[in-house]
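Please read the structure below before turning to the comments.
The values are calculated or read from the model by the stated rules, or taken from the named source; none is laboratory data. Predicted, not measured: the structure shown is a model, and the values here were computed from it. Don't worry about glycine lacking a Cβ; one is built from the backbone with ideal geometry, like all the others, and counts go over all protein chains shown. In case anyone asks, the SASA skips ligands and DNA or RNA and just uses the protein heavy atoms, side chains included. Shrake-Rupley method; radii C 1.70, N 1.55, O 1.52, S 1.80 Å.
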Amino acid sequence: MAEKKKILVIEDEKDIALGLRDAFEFEGWEVATAGRGGEGIELAKKMSPDLFILDLMLPDMNGFQVCTAVRERFKVTPILILSARSLESDIIRGLETGADDYVTKPFSIGELLARVRAIFRRAEMAGRRKTMTVAVGDAEVNLETNTATVRGRDVELGFYATQILQLLDERRGEPVTRDEILDAVWGLDANPTNRTVDNFIMKLRRKLEVDHANPRHILTVYGQGYKLV
Ligand code: CA
């Protein structure tokens, strides 16, 4: 039997933390919860989780600080941000500090479960892939570590951005629609918007393209989606 997936929930609202614990345990996953950021970071060192669920508003530190601290130690573990803040600037800031995905409160537990299942499924698929790198122009993306070497610099891409790139690479040269990306990467039951895909594409371009405003490799196919060339 496969080893139980371990999830660390860092969330100070007790009702939400308990609700998540119940739902995740029902799926057969192991769950630990922390109500403070510092406590969460300490707990992470002990348990080495397979996934972090992180609230942005915590009593002792803000979630961005927790995210940065977690990323220093856990380079590839997916981090999903949970927050009442639906401001796009917060979401982008979260993704820049190393988070992989976000769900804004109030959220449905079914939606969150779908995302977590998709994260674990994609991580398993990535583990079975033979070639672990994707070339984007002169940048080389490592699918194992979710990082890239870009003209001599190492950059973090995060789980979702890397997964999108892997999908585009599997169909290199042909357009992949936003819906196909959403289904493959987030899962059929999940309900992120097309805007989500666009945000991750922007992130990929900023990190990999020489001029992100005039991309040469991660291209928009108008009315269709995106393609990698
Ligand atoms: Ca909170």
Open item on the list: Which condition from (1) assigned to a loop (DSSP other than H, G, I, E, B); (2) free of Cβ contacts under 8 Å to residues at least 40 places away in the same chain is the one that Thr162 breaks?
Closed with: (1)
- [ ] Check Gly63 against each of (1) within 15 Å of the ligand (Cβ to nearest atom); (2) open to solvent by 10 Å² or more (accessible area, probe 1.4 Å); (3) modelled with pLDDT under 95 and name the one condition it does not meet.
- [x] (2)
Open item on the list: Being open to solvent by 20 Å² or more (accessible area, probe 1.4 Å), of a type in the set (D, E, K, R) and within 16 Å of the ligand (Cβ to nearest atom) is the requirement here; does Asp55 meet it?
Closed with: no
Task: region 66-81 - residue that is within 22 Å of Leu113 (Cα to Cα) and in contact with a Ser or Thr (Cβ under 7 Å, 6 or more places away or on another chain) and, of those, farthest from the ligand (Cβ to nearest atom) - done: Val76
Open item on the list: Pairs needed: first member in region 1-25, among the hydrophobic types (A, V, I, L, M, F, W, C); second member anywhere, within 11 Å of the ligand (Cβ to nearest atom); C-beta distance under 6 Å; at least 6 residues apart or different chains.
Closed with: Val9/Ala17; Ile10/Leu54; Ala17/Glu11
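Condition check ((1) modelled with pLDDT of 95 or more; (2) charged (D, E, K, R)) across all residues:
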position	(1), (2)
Asn142	no, no
Asn146	no, no
Val155	no, no
Phe159	no, no
Gln166	no, no
Glu174	no, yes
Gly187	no, no
Val197	no, no
Ile218	yes, no
Task: Residues (within 21 Å of Arg216 (Cβ to Cβ), touching a residue at least 24 places away in the same chain (Cβ under 8 Å) and in a loop (DSSP other than H, G, I, E, B)) located in region 130-150 - done: Gly137
Task: Residue count for region 3-30, restricted to those that are within 19 Å of the chain's Cα centre (by Cα) and either more than 12 Å from Phe52 (Cα to Cα) or open to solvent by less than 50 Å² (accessible area, probe 1.4 Å) (or both) - done: 9
Open item on the list: Suppose the filter is within 16 Å of the ligand (Cβ to nearest atom) and within 19 Å of the chain's Cα centre (by Cα); does Ala84 pass it?
Closed with: yes
- [ ] Report whether or not Ile201 is modelled with pLDDT of 90 or more, in contact with a helix residue (DSSP H, G or I) (Cβ under 6 Å, 6 or more places away or on another chain) and open to solvent by less than 40 Å² (accessible area, probe 1.4 Å).
- [x] no
